1. Using a 10 angstrom cutoff on alpha carbons, build the Gaussian network for the chain and name the most mobile of PRO194, PRO21, PRO122.
2. Would you work out which of ASN223, ALA62, SER19 lies farthest towards the positive end of the dipole of the chain? Charges go on Cβ: Lys and Arg +1, Asp and Glu -1.
3. log10 I(q)/I(0), Debye, Cα-only the range 58-175, no solvent, q = 0.09, 0.21, 0.22 Å⁻¹?
4. Among 291-300, 61-70, 173-182, 150-159, how do they line up by average Cβ neighbours within 10 Å per residue, starting with the highest?
5. Compare the Cα positions of VAL188, THR134, GLY85 along the charge dipole of the chain (+1 at Cβ of Lys, Arg; -1 at Cβ of Asp, Glu; about the Cα centre) and return the one farthest towards the positive end.
6. Round to the nearest 10 and give me the degree value, 0 to 90, for the angle of helix 48-70's Cα axis relative to the longest principal axis of the chain.
7. Could you give the C-alpha radius of gyration of the range 96-245 expressed as a fraction of 2.2 N^0.38 Å, taking N as the number of residues it contains?
8. Which order do HIS208, HIS251 take when ranked by solvent-accessible area (1.4 Å probe, heavy atoms of all protein chains), largest first?
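The values are calculated or read from the model by the stated rules, or taken from the named source; none is laboratory data. On a predicted model such as this, the values are computed, not experimentally measured, just so you know. So basically every Cβ, Gly included, is an ideal-geometry build from the backbone, and we count neighbours across all protein chains shown. Heavy atoms of the whole protein, side chains included, go into the accessibility calculation; ligands, DNA and RNA do not. Shrake-Rupley method; radii C 1.70, N 1.55, O 1.52, S 1.80 Å.
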Amino acid sequence: MRNHDQDHDSDHYSQAPGSLPDIAGVAILASCALWALISAMGRTARPEGVLLAVLAVAAGYACGRIAGSLLPVACGAAAGLAGLGLALATPTGPSGHQGLDAAQLTLATGAACCAAWAARRPALRLALWLLALTITLTAVVSGPPAGWAASGAVLLCSLSAARLRRRLAGLAALALVAAVGVGGCWAVAADAVPGGLPRPLRAHLTEHRIRMWQDAAHLAGANPVRGAGPDRFAELSPAAAESPDPDTTPHSAPLQQAAGQGLPGVALLGAAFAWLLYALWRSPRSTPVVLTAAAALTALAVEASLGNALSFPQVTAGAGLLAGLATARPPEEPLPRTVP
């Protein structure tokens, strides 16, 4: 049985109009697809990657809403196991897969924690918490540093979410974390970090990635409105051309949007993240479920600012699925039987 505070919180938010977040989501995703096509007009650009990402988010979100309204616990657990399985099945050699591994483990941890909060039986809830802990330990043992740091942060945020009675403060704090991550990425690309970038952090990011970020910022500055066109970074970036394994992205979603689609593309990317937080704020699910999903999506946003996590359709679909599970209306509880 859920505690009284969670029931009151869910009932309060379920009275809010549920169609407004859906309308906003449709408008924002449609605008993302439309602007990608506008940015590609008259150029040898390839907007297919952006269109595929938008489709993956929309499909994942729709599936999450449906599944979350029918079997929220089972679907959350299945999503966590699927994310763990995909991460373990991914080849560990190429460096480009590190962002994929980290993102999959982050989303898997968030899904398992959401399922644990939705479970009512103590034994089942304990089993799901153990699943979330197993995913985090797997990230520590075999995943990249960003993966275990993000998975651990999601698990800790989920465990502490029970103490928060109002979700708005938690969502605002997570939005600030995402903004700091994006701002730090831009500061490095513009060489505007006060006192210079610390040597250990610079070594972790690598000189090659920093040069690609600077190339992306230069492309955005040369054409701030439409950018250079979607998926043209590899042919226009000197740093990407010098790499033994040519990089098709600058390993930063905001800078990739800026280089390919200009400042409007960055604004639309930020609007998509803000829509997810807004949908979570208006969600009829309990506050711990909402904040857990928001923590996982925020961790993914930070990973995407520093790497190429959003370049993989399974990650964008997984993000939409987690958001859909956390915003779905829970199944109706059966009415208690009365003895005549």
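1. Of PRO194, PRO21, PRO122, the Gaussian network model singles out PRO194 as fluctuating most.
2. SER19
3. Here the Debye-derived log intensity ratios amount to -0.25, -1.20, -1.26.
4. 291-300, 150-159, 61-70, 173-182
5. THR134
6. Helix 48-70 sits at roughly 10 degrees to that axis.
7. Numbers: Rg = 19.5 Å, N = 150, 2.2 N^0.38 = 14.8 Å.
Compactness ratio reported: 1.32.
8. Numbers: HIS208 60, HIS251 20 Å².
Ranked list, largest accessible area first: HIS208, HIS251.
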